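**Q** Quick one: the structure is below, questions incoming.
The values are calculated or read from the model by the stated rules, or taken from the named source; none is laboratory data. What you see is a predicted model; the values in this text were computed from it and never measured. Virtual Cβ from ideal backbone geometry, glycine too; neighbours counted across all protein chains shown. Keep in mind that these areas ignore ligands, DNA and RNA; they rest on the heavy atoms of the full protein, side chains included. Shrake-Rupley method; radii C 1.70, N 1.55, O 1.52, S 1.80 Å.
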Amino acid sequence: GLVHIHGAPWYMKVDIEASTADCVQSLYSAFLHPYDGSPAPDRSVLPRYLSVELENTFLLRQLLPLLTEMGYHSFKISRQYLYSPKLCESGEDRTFGCGSGPFGDHAVDYVTGLRWRGVEDIE
């Protein structure tokens, strides 16, 4: 796959409407079943930062166990709509990054601001 040819991405944004769980499951499978056939999980295929759009709040409980098993232990829950003005959503605004907002350390959690949360802090 692409990760094995080019290496793991530094950042991955999963925003593919109704297929978020499938994409995270695919990433999880690549983690559990390394390309080289090794029996040990391979963290090197995973991006350092991963943004996941949750189409439904129930997806959070479904995806958290997979994400933590892959080694993601710090989270920020952001409200993307704050960065998605009507012009971005309609395609009228061509500003680079319009609609996505900051990511990684610069992402703003809707409860804790710039501070990351552990799984135990997510309700």
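**Q** Determine which residues of segment 51-84 fall in the zone a paramagnetic label at Arg115 would reach in this model, i.e. backbone nitrogen under 20 Å from the point 7 Å along Cα→Cβ.
**A** 73-79
**Q** Please give the solvent-accessible surface of His6 in Å², to the nearest 10, using a probe radius of 1.4 Å with every protein chain present.
**A** We get 140 Å² for His6.
**Q** Taking N as the number of residues in segment 37-77, what is its alpha-carbon radius of gyration divided by 2.2 N^0.38 Å? Provide the component values of the computation, followed by the final result.
**A** Numbers: Rg = 11.8 Å, N = 41, 2.2 N^0.38 = 9.0 Å.
Taking N as the residue count of segment 37-77, the ratio is 1.31.
**Q** So what is the calculated 222 nm ellipticity per residue for the chain, using -39500 (n - 2.57) for each DSSP H run with n of 4 or more, over all residues, to the nearest 500 deg cm²/dmol?
**A** Working: 4 runs with 35 residues, N = 123.
Taking each H run of at least 4 residues, the total per residue is -8000 deg cm²/dmol.
**Q** Given a 1.4 Å probe and the protein chains all in place, what does the accessible area of Glu120 round to, in Å² to the nearest 10?
**A** The accessible area of Glu120 comes to roughly 150 Å².
**Q** Now for a different question. Remind me, relative contact order of the chain in percent, using alpha carbon pairs under 8 angstrom and six or more residues apart?
**A** Details: 135 pairs, mean separation 27.8, N = 123.
Over the chain, the number comes to 23 percent.
**Q** Then there's this: Heavy atoms only, 1.4 Å probe, whole protein assembly: order Val111, Val14 by accessible area, highest first. Please report the intermediate quantities before stating the final value.
**A** On the way: Val111 95, Val14 5 Å².
The residues order as Val111, Val14, largest area first.
**Q** Note the direction-averaged projected area, equal to a quarter of the hull surface, for the Cα convex hull of the chain, in nm². Write out the running numbers ahead of the final one.
**A** Values: hull surface 34.0 nm².
Mean shadow area of the hull around the Cα atoms is 8.5 nm².
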